[in-house]
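My structure is below; once you've seen it, I'll send some questions.
The values are calculated or read from the model by the stated rules, or taken from the named source; none is laboratory data. Please read these numbers as outputs of a predicted model, since none were measured by experiment. With ideal geometry, Cβ positions are generated from the backbone for all residues, glycine too; neighbour counts draw on all protein chains shown.
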Amino acid sequence: MKTLDFTPLYRSFIGFDHLANLMDTAARSDKSAGYPPYNIELTAEDKYRITLAVAGFAEDELEINLENNTLTVTGKRADKADNAEENDKRFIYKGISERNFERKFQLSDHIKVSGAEMDRGLLHIDLYREVPEALKPKSIPIGNKQKSELLENK
């Protein structure tokens, strides 16, 4: 299997070490850790929705945290040892996973979480991009130097 080496990024891009670390982490992540399955959807300009298939989990068994631009969704099932009904089941085939999980999403700067909801076994997390006024594009008028100085003083 071919692996990617991001070492040249560390040598030649100054100040982008965070981006190189993100790419390195993504390349090294376990490809088999596909549980629970999820979608990332662009719902409108600057609005996103992450949908996770969390069949079998109740709302109180799920936790959503946002820390340092990392959105973490954790699912912890109630202890099966306490549930005698679960222990008495005999499966011929068991294709529905009931394991605990932790899924992390690295968010870009200025991405905010607007809410989360459960609907028919799907956990929807809505996000939006909020760019500060200082970073938004500005229109610069063309004119003489006096007009430009007046605009700067305002």
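Test LEU123 against the stated conditions and say whether it is surrounded by 10 or more Cβ atoms within 10 Å (Cβ to Cβ) and within 17 Å of GLY34 (Cβ to Cβ).
For LEU123, the condition - surrounded by 10 or more Cβ atoms within 10 Å (Cβ to Cβ) and within 17 Å of GLY34 (Cβ to Cβ) - is met.
Quick one: in the range 90-125, of everything that is in a loop (DSSP other than H, G, I, E, B) and of a type in the set (Asp, Glu), which residue is farthest from the chain's Cα centre (by Cα)?
The residue in question is GLU98.
Could you check how many residues of the range 47-69 are over 11 Å from the mean Cα position of the chain (by Cα) and in a loop (DSSP other than H, G, I, E, B)?
Number of matching residues: 6.
So for the range 29-46 (the condition being at pLDDT below 75, out of contact with any helix residue (DSSP H, G or I) (no Cβ under 6 Å at 6 or more places or on another chain) and of a type in the set (S, T, N, Q)), does at least one residue qualify?
Within the range 29-46, one or more residues are at pLDDT below 75, out of contact with any helix residue (DSSP H, G or I) (no Cβ under 6 Å at 6 or more places or on another chain) and of a type in the set (S, T, N, Q).
May I pose another question? Pull up the range 94-118, narrow it to residues that are within 29 Å of LEU19 (Cα to Cα) and charged (D, E, K, R), then point me to the one that is surrounded by the most Cβ atoms within 10 Å (Cβ to Cβ).
For the range 94-118, the residue satisfying everything is ARG103.
Name the one entry in ILE50, ILE96 that is modelled with pLDDT under 90, outside the structural domain of LEU19 (by TED's automatic domain parsing) and within 24 Å of TYR35 (Cβ to Cβ).
After ruling out the rest, the residue left standing is ILE96.
Related question: On the basis of being at pLDDT below 95 and polar (S, T, N, Q), does SER139 make the cut?
It is true that SER139 is at pLDDT below 95 and polar (S, T, N, Q).
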